[in-house]
Amino acid sequence: MKPFRYERAADISGAVALLAAEPNGVFLAGGTNLVDHLRLGIAAPDLLVDVRQLTSGRIEELPGGGVRIGAAVPNSDLAADRVIRRRYPVLSQALLSGASGQLRNLATTGGNLLQRTRCPYFQDLTTPCNKREPGSGCAARDGYQRDHAIFGASEQCVATHPSDMAVALAALDAVVRTRGPGGERTIPVTDLHRLPGEEPERDTVLEHGELITAVDLPPLAVAANSRYRKVRDRASYAFALVSVAAALDVADRAVRDVRIALGGVAHKPWRARRAEEALRGGPASEESFRAAAEAELAQARPLPGNAFKVPLARNVIVRMLMDLAGEQR
């Protein structure tokens, strides 16, 4: 085992300063992903800065009608919160579809957003992986491809982002609040994660030493009629082949508002904006739902081993929207 320093800062500013001074350091919150990587040898930091007690563990209603979720809120608490279940049910459902009860009790909101891919080549030190070791190659391009991306991939990486929660937050127009060496800033969840491009080792736009402190949910009326559906190999403790987070508002059989995000298909939660644009103002019918899904999936570039994800995603989107439309009739 590689030795490392462990520090528990007195406040957020101290934690940011500690990490900013150590290029090979990382924050530690719940540790459900990081500890696995330490054991596998994927991560070998010189410093761990414990932030679990520094960021808020509360879920607070904001004056404008939104909700602020502290970065230290456990996934289980967030999924069970009455306000979340009533006003943002898609978020509760997404959380409950991920991991296990024990892991949800420990995993945090901030940490869930920053978990790394479960690509088998990333987690296998005997294989080349540009995300783990830049310049070594991407074994997945000519290897096992079933779980990999159909949107936004590059020659350098075809991995997918594993979080269910992040997909729901992308559909809800959530905003991440951070504190870093340069001060505070806000980042839309849809902009937090990167596509791989030429630098697949960079998962997010966060700077070194930048800490997620909270996530804000806007007062989004359409979110009350929302769902999360996840297709996976087994009923529990499995990552998505394809998942869909959707919210729909129908009035007089027309789509007044809609939000759709996909998981298991890209290096980041994939906001289906082409589908949304095709739907708004149009009829709430199976034909229009299918046409919108086709418009989104026209830009998919699957590998030979995961081409099945295209019709699978189409069918899940259509079924989800039909269900949501039916609940408003």
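Hey, if you put +1 on the Cβ of every Lys and Arg and -1 on every Asp and Glu Cβ in region 81-156, which of A153, G137, L103 ends up farthest toward the positive end of that dipole?
The residue sitting most towards the positive pole is L103.
With charges set only on the Cβ (+1 for Lys and Arg, -1 for Asp and Glu), what does the dipole of the chain come to about its Cα centre, in debye to the nearest 20? Please list the in-between numbers first.
Numbers: 42 positive and 38 negative charges, 157 e Å.
With Lys and Arg at +1 and Asp and Glu at -1, about 760 debye.
What is the Cα convex hull volume of region 90-194 when expressed per residue in Å³?
Value for region 90-194: 145 Å³ per residue.
Which shape class, rounded, prolate or oblate, goes with the chain when its Cα gyration tensor gives a ≥ b ≥ c as root eigenvalues, a/c under 1.5 marks rounded, and past that a/b bigger than b/c marks prolate?
Cα axes put the chain in the oblate bin.
For the chain, what does the relative contact order come out to in percent, with C-alpha contacts under 8 Å and a separation of six or more?
17 percent
Would you mind counting up the charge near A94? Only other residues with Cβ under 11 Å from its Cβ, with Lys and Arg at +1 and Asp and Glu at -1.
Once positives and negatives cancel, what remains is +2.
Before anything else, pin down the relative contact order of region 63-107: Cα pairs under 8 Å, at least 6 apart, normalised by residue count, whole percent.
43 percent
Once you put a point 7 Å from the Cα of A20 and another 7 Å from the Cα of S100, both along the Cβ direction, what distance in nm separates them?
Roughly 4.0 nm, to one decimal.
Pull out a ≥ b ≥ c, the square roots of the eigenvalues of the alpha-carbon gyration tensor of region 1-141, then state rounded if a/c is under 1.5, prolate if not and a/b is larger than b/c, and oblate in the remaining case.
oblate
In debye to the nearest 20, how big a dipole does region 148-257 give about its Cα centre with +1 on each Lys and Arg Cβ and -1 on each Asp and Glu Cβ? Could you put the intermediate results ahead of the total?
Working: 12 positive and 16 negative charges, 109 e Å.
My answer is approximately 520 debye.
In a GNM of the chain with a 10 Å cut-off on Cα contacts, which of V90, V231, V158 has the highest mean-square fluctuation?
Greatest mean-square fluctuation among the candidates belongs to V231.
Please work out the FRET efficiency for the pair R86 and T126, using the Cβ-Cβ distance as r and a Förster radius of 35 Å; give the result to the nearest 0.05.
Values: r = 48 Å, r/R0 = 1.38.
Approximately 0.15, to the nearest 0.05.
What FRET efficiency would be calculated for the residue pair E327, A10, taking the C-beta separation as r and a Förster radius of 35 Å, to the nearest 0.05?
Numbers: r = 49 Å, r/R0 = 1.39.
Using R0 = 35 Å, I get an efficiency of 0.10.
From Cα pairs below 8 angstrom and at least 6 apart in sequence, can you work out the relative contact order of region 147-222, rounded to a whole percent?
This gives 34 percent for region 147-222.
Relative to the longest principal axis of the C-alpha atoms of the chain, give the angle of the C-alpha long axis of helix 309-327, reported between 0 and 90° and rounded to the nearest 10°.
So the helix axis and the longest Cα principal axis differ by about 60 degrees.
Just the number, please: carbon plus sulfur as a percent of the accessible area of the chain, 1.4 Å probe, no ligands or DNA/RNA counted.
For the chain, the apolar C and S fraction of the accessible surface comes to 49 percent.
Counting only other residues whose beta carbon sits under 11 Å from that of N306, what net charge do I get with K and R as +1, D and E as -1? Don't skip to the answer; put the middle values down first.
Working: positive: R146, R301, K309; negative: D147.
Taking every other residue near N306 into account, the sum is +2.
Which net charge results when you count Lys and Arg as +1 and Asp and Glu as -1 among the other residues whose beta-carbon is under 14 Å from that of T178?
-1
Take D50 and D252, extend 7 Å from each Cα along the Cα→Cβ direction, and tell me the distance between the two endpoints in nm.
About 6.0 nm, to one decimal.
How long is the gain from Y144 to S285 if the chain were fully straight, where each residue apart is worth 0.36 nm and the alpha carbon distance is subtracted? Let's see the in-between values first.
Working: separation 141, 0.36 × 141 = 50.76 nm, distance 3.73 nm.
That works out to 47.0 nm of additional length.
Within the chain, how many Lys pairs sit with Cα atoms under 25 Å apart, leaving out pairs fewer than 8 places apart on the same chain? Could the numbers behind the result be given before it?
Working: K2/K131; K131/K268; K131/K309; K230/K268; K230/K309; K268/K309.
Lysine pairs meeting the criterion: 6.
Once every DSSP H run of n ≥ 4 in the chain is given -39500 (n - 2.57) and the sum is divided by its residues, what mean residue ellipticity at 222 nm do you get, rounded to the nearest 500 deg cm²/dmol? Mind showing how you got there, number by number?
Numbers: 12 runs with 96 residues, N = 329.
So the calculated ellipticity at 222 nm is -8000 deg cm²/dmol.
Quick check: from the Cα gyration tensor, does region 263-329 come out rounded (a/c under 1.5), prolate or oblate? The partial results should precede the final answer.
On the way: a/c = 2.09, a/b = 1.85, b/c = 1.13.
Prolate.
The values are calculated or read from the model by the stated rules, or taken from the named source; none is laboratory data. None of these values were measured; they are calculated from a predicted model. Note that each Cβ is placed from the backbone with ideal geometry, even for glycine, and that neighbours are counted across all protein chains shown. These accessible areas exclude ligands, DNA and RNA; they are computed on the full protein's heavy atoms, side chains included. Shrake-Rupley method; radii C 1.70, N 1.55, O 1.52, S 1.80 Å.
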